[in-house]
Amino acid sequence: MSEQYGWQISDSRGNMVADHTVIMSRWLGSYDIGMIQWWGNPPHYWSHRIENIPFNGGTPYSYTVPTPGIVMPEGWGTAYAPPDIYCGPNYIDLSYNDTIRSYPDDLGIGLLLGMLTVHWGVYNA
């Protein structure tokens, strides 16, 4: 179990742009969502469950940030759209569906989703 409290966000040059270490929270883990590729018009759905998370001693939270170092394949477009996130009692469900994928809907090329890192923890821990 991690003993980190709060969280900080830095820009691409390493300059801190947000510092929430004063909020009593405990970071518990992270998961990288890779590239999710969808072509064509059929209905699409992607989901993933992260289990055995010790959401105890506080209120669960989760947020996403772009994963650094991703190289886009030629001929693909991207939209940094966070997935639907549901925090259960000891798990997180992540999912993308066609409603999320539909923006932007006029690219005329394949759209990549994902490429985000999901972080989770508990507030007031």
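On the given criteria, is Ile53 at pLDDT 85 or above, under 21 Å from Trp120 (Cβ atoms) and not in a strand (DSSP E or B)?
yes
For region 2-47, how many residues meet the condition of being of a type in the set (Ser, Thr, Tyr), modelled with pLDDT of 80 or more and either under 13 Å from Tyr123 (Cβ atoms) or outside any loop (DSSP other than H, G, I, E, B) (or both)?
Qualifying residue count, region 2-47: 5.
Mind checking which residues of region 80-100 are touching a Leu at 6+ places or on another chain (Cβ under 9 Å) and open to solvent by 60 Å² or more (accessible area, probe 1.4 Å)?
Tyr80, Pro82, Asp84, Ile85, Tyr86
The values are calculated or read from the model by the stated rules, or taken from the named source; none is laboratory data. This is a predicted model, so every value here is computed, not measured. Heads up, the Cβs are rebuilt from the backbone with ideal geometry, glycines too, and the neighbour counts pull from every protein chain shown. Remember, those area values only see protein heavy atoms, side chains included, never the ligands or the DNA or RNA. Shrake-Rupley method; radii C 1.70, N 1.55, O 1.52, S 1.80 Å.
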